């Protein structure tokens with residue numbers, strides 16, 4: 001499951017038991033990316049607070065499917081199969097298999113894979129705003145030190161306001177963190193139920209996966 005010691009739900013006690021109860025999915029399962037925090041429960045609490053706020057809070061204005069799409073894109077650029085698999089399954093739950101596949105084709109273009117793929121159009125799920133967001137996510141992931149004010153102006157020109165730009169930025173930052181958590185500790189998806197997530201509510205403490 002990982003390269004370091006973890007604490008499975010049936011062995012958790014005290015604060016960790018309480019946190020596991022808050023994030024558990026069906027049948028009491030806790031995703032491996034969360035179990036890897038078992039030796040330091042305070043980092044699990046920090047992880048979940050950020051994850052809920054960035055991806056699954058009703059105060060966000062961008063559609064949840066677009067936030068998930070950005071997370072998948074960043075994870076693919078970073079070579080993180082764990083987060084890609086989890087969040088692609090989540091994207092299919094939010095949309096449907098055909099729409100998720102069409103979105104993935106658009107992400108292939110932005111990643112340059114494969115080079116022969118046709119230029120995406122601004123129809124369907126990925127409109128001009130989505131393409132601008134994905135372009136920004138690509139640059140921030142691949143060349144963070146090269147990002148300039150012009151990149152933010154590009155987002156404004158596509159019709160995104162500054163609050164939405166902040167949402168995009170935070171998703172990219174969160175997935176850089178999540179990707180390195182699982183890649184640096186050897187977390188895999190064995191035993192996980194892919195695609196589960198907290199409900200998109202206004203409560204920052206509503207973490208239960210379903």
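Bear in mind that the values in this text are calculations on the coordinates, not laboratory data. Note that this is a predicted model, so its numbers are computed, not measured. Heads up, the Cβs are rebuilt from the backbone with ideal geometry, glycines too, and the neighbour counts pull from every protein chain shown.
Points to keep in mind about this one:
- Structural descriptor for the chain: relative contact order 35 percent, calculated from alpha carbon pairs under 8 angstrom and at least 6 residues apart.
- Helix axis angle, 64-77 relative to the chain longest principal axis, alpha carbon, degrees: 90 degrees
- Estimated from helices alone, the mean residue ellipticity of the chain at 222 nm is -18000 deg cm²/dmol (sum of -39500 (n - 2.57) over DSSP H runs with n ≥ 4, per residue).
- For the chain, alpha-carbon Rg over 2.2 N^0.38 Å: 1.03
- Using a Förster distance of 30 Å, the FRET efficiency for residue 42-residue 93 (Cβ separation, nearest 0.05): 0.50
- Of interest is the spacing of the C-alpha centroids, which for the stretch 156-170 and the stretch 28-87 amounts to 20 Å.
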